[in-house]
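The structure appears right after this line, and notes come after that.
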2 protein chains.
Amino acid sequence: MPRPRQALLNRDRIVETALALIDADGLGALSTRRLAAALNVQGPSLYNHFATKDEILDAVADSVTASVDVTVFDRCDWVEALRRWARSYREALTVHPNIVPYLAQGPGRRPAALAMADAVYGGLVRAGWPPARATHIGAAMRYFVAGSALGSFARGFVEDPELYAAHPHLNQAHRLRGHQRSVDEGAFTLGLDALLHGLAAEYARTVTPLERGTGPG
Amino acid sequence: MPRPRQALLNRDRIVETALALIDADGLGALSTRRLAAALNVQGPSLYNHFATKDEILDAVADSVTASVDVTVFDRCDWVEALRRWARSYREALTVHPNIVPYLAQGPGRRPAALAMADAVYGGLVRAGWPPARATHIGAAMRYFVAGSALGSFARGFVEDPELYAAHPHLNQAHRLRGHQRSVDEGAFTLGLDALLHGLAAEYARTVTPLERGTGPG
DNA sequence: GATGAAAACTTACACCGCTAGTTTAAGAGC
DNA sequence: GCTCTTAAACTAGCGGTGTAAGTTTTCATC
């Protein structure tokens with residue numbers, strides 16, 4: 001087939017389909033040929049719209065990041081903003097866990113990821129945190145959220161009771177997979193509350209009333 | 001070359017060499033042929049010692065996990081044990097960051113990873129944490145440590161000042177890479193302290209003196 | 001000394017990312 | 001309406017991938 005009257009592909013369609021394939025079968029199962037086949041097209045046709053496969057993955061990753069709500073930093077005090085942002089971030093990632101290892105390498109040149117970093121850092125600095133500390137807090141939060149989305153903790157344990165016989169405290173570990181949602185959610189909530197509790201304590205101890213910012217906005 | 005008088009390969013040598021290649025060139029650059037070449041052998045010879053490439057990666061991942069110190073749970077109170085374990089865990093991972101995305105998927109069937117999970121969970125239960133809470137704490141800590149090792153926060157930002165021009169608060173972001181160690185270390189310490197601070201507060205609030213365990217050992 | 005397993009090998013298959021060159025349609029300028 | 005350029009599909013093919021299959025030789029055991 002030569003050039004068709006109506007273009008078969010565009011970047012958005014490629015990104016959507018790639019994300020669906022990654023969600024269904026994993027990052028490793030995405031090949032240019034499989035992606036093209038899902039779009040009723042031959043493999044190399046993709047290169048009319050993206051220079052490399054990595055560029056496709058960048059666009060997929062950024063489309064996921066774009067669904068994170070960062071407007072909370074304009075509306076809430078910094079603790080509440082961090083809490084809501086972290087929850088929104090985690091929700092976006094857990095819907096598409098297979099792209100997380102790629103996405104978690106950092107913002108790179110992806111616009112949505114850069115916008116998110118900007119909003120978080122800006123919100124913290126406005127609240128009075130020293131710049132270096134704001135960087136640390138943003139990083140620590142990303143560590144926690146990305147780690148929580150990287151793979152379900154519960155699904156990391158095989159459903160095979162015999163495997164745990166040699167480990168005195170893991171005799172119930174084979175049941176973790178059955179309680180995946182409550183385990184993962186409970187762990188995330190516990191960790192998030194603990195982190196924010198600790199950060200609030202440091203704020204109270206080290207950020208002087210004079211430095212405390214003008215609030216959201 | 002048929003069967004040699006002296007075996008050229010064994011599992012340990014394969015694992016060591018694979019880890020070295022992964023450290024040097026990344027997980028994606030490890031192929032069976034490249035690994036075999038580094039061992040002065042042809043690709044398929046590896047399959048006399050491992051059934052699949054994934055089995056090699058499992059062994060590599062477990063050799064990294066094996067270097068984490070989990071004896072602290074026998075010597076220290078639970079807060080100090082968590083702190084030292086988390087530091088040891090992170091050190092093990094940051095020495096070999098390229099294997100982290102693979103390793104962080106969960107313990108699977110890897111013996112050292114299972115032993116670590118057992119030690120952490122056992123230590124927390126002994127300290128009086130309810131079993132479900134101990135699971136959550138272990139998961140939350142793994143989220144944070146794995147996230148921190150998954151990729152340097154600082155290295156996630158490209159060293160290109162022009163890229164940040166459009167973002168009001170990121171105008172110094174291109175300098176992050178130059179301060180990689182202090183940024184990553186500062187973020188980890190801050191997050192770890194905050195997490196443990198928050199957990200200790202919950203312990204004081206919810207674990208009654210009667211439930212509080214027999215201490216380490 | 002015969003037997004069977006072990007550990008290297010060669011060959012081959014189906015797939016991978018990507019490049020090069022081809023074909024035709026769409027759109028712009030005269 | 002013709003011409004020119006660009007766009008978007010195609011086919012063919014390169015070098016690389018994991019790994020299955022079968023071969024050859026050596027070592028250990030009966």
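The values are calculated or read from the model by the stated rules, or taken from the named source; none is laboratory data. Predicted, not measured: the structure shown is a model, and the values here were computed from it. Backbone-built Cβ (ideal geometry, glycine too); neighbour counts: all protein chains shown.
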Task: Which numbered condition residue A:129 misses (of (1) surrounded by fewer than 20 Cβ atoms within 10 Å (Cβ to Cβ); (2) in contact with a helix residue (DSSP H, G or I) (Cβ under 8 Å, 6 or more places away or on another chain); (3) at pLDDT 95 or above; (4) not polar (S, T, N, Q)) - done: (1)
Open item on the list: Tally up the residues in the stretch B:87-112 that are surrounded by 23 or more Cβ atoms within 10 Å (Cβ to Cβ) and more than 22 Å from residue B:216 (Cβ to Cβ), please.
Closed with: 5
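If the requirement is being without any contact (Cβ under 8 Å) to a residue 60 or more places away in the chain and out of contact with any strand residue (DSSP E or B) (no Cβ under 8 Å at 6 or more places or on another chain), which of these qualifies: A:77, A:54, A:58? Spell out how you get there, then give the answer.
On the way: A:77 fails: without any contact (Cβ under 8 Å) to a residue 60 or more places away in the chain; A:58 fails: out of contact with any strand residue (DSSP E or B) (no Cβ under 8 Å at 6 or more places or on another chain).
After applying the criteria, what remains is A:54.
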Task: Residue check, residue A:82 touching a residue at least 60 places away in the same chain (Cβ under 8 Å), in a helix (DSSP H, G or I) and in the same structural domain as residue A:122 (by TED's automatic domain parsing) - done: yes
Open item on the list: Would you confirm, using the coordinates I've provided, whether residue B:138 is buried (at least 21 other Cβ atoms within 10 Å of the Cβ) and not hydrophobic (A, V, I, L, M, F, W, C)?
Closed with: yes
TODO: Spot the failing condition for residue B:183; the list is (1) within 7 Å of another protein chain (Cβ to nearest Cβ); (2) crowded, with 18+ Cβ neighbours inside 10 Å; (3) closer than 28 Å to residue B:77 by Cα, and only one is missed.
DONE: (3)
TODO: Could you look through the stretch B:5-28, keep only residues that are in a helix (DSSP H, G or I), away from chain A (no Cβ under 14 Å) and among the small types (Gly, Ala, Ser), and pick out the one that is farthest from DNA strand D (Cβ to nearest atom)?
DONE: B:20
- [ ] Inspect the stretch A:51-60 for any residue being within 12 Å of chain B (Cβ to nearest Cβ) and buried (at least 21 other Cβ atoms within 10 Å of the Cβ) and give the result as yes or no.
- [x] no
- [ ] Evaluate the following for residue A:72: is it crowded, with 18+ Cβ neighbours inside 10 Å, away from chain B (no Cβ under 14 Å) and away from DNA strand C (no atom under 16 Å from the Cβ)?
- [x] yes
Task: First in the stretch A:87-110 and more than 10 Å from every other protein chain (Cβ to nearest Cβ) and modelled with pLDDT of 95 or more, second anywhere and surrounded by fewer than 18 Cβ atoms within 10 Å (Cβ to Cβ) and in a loop (DSSP other than H, G, I, E, B), Cβ under 6 Å, 6 or more apart - done: A:88/A:69; A:92/A:67
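Somewhere in the stretch B:197-211, is a residue at the interface with chain A (Cβ under 8 Å from one of its Cβ atoms) and either part of a loop (DSSP other than H, G, I, E, B) or buried (at least 21 other Cβ atoms within 10 Å of the Cβ) (or both)?
First pass over the stretch B:197-211, keeping only residues at the interface with chain A (Cβ under 8 Å from one of its Cβ atoms): B:197-199, B:201-202.
Cutting the leftovers down to either part of a loop (DSSP other than H, G, I, E, B) or buried (at least 21 other Cβ atoms within 10 Å of the Cβ) (or both) gives us B:198-199.
Yes: the stretch B:197-211 contains one or more residues that are at the interface with chain A (Cβ under 8 Å from one of its Cβ atoms) and either part of a loop (DSSP other than H, G, I, E, B) or buried (at least 21 other Cβ atoms within 10 Å of the Cβ) (or both).
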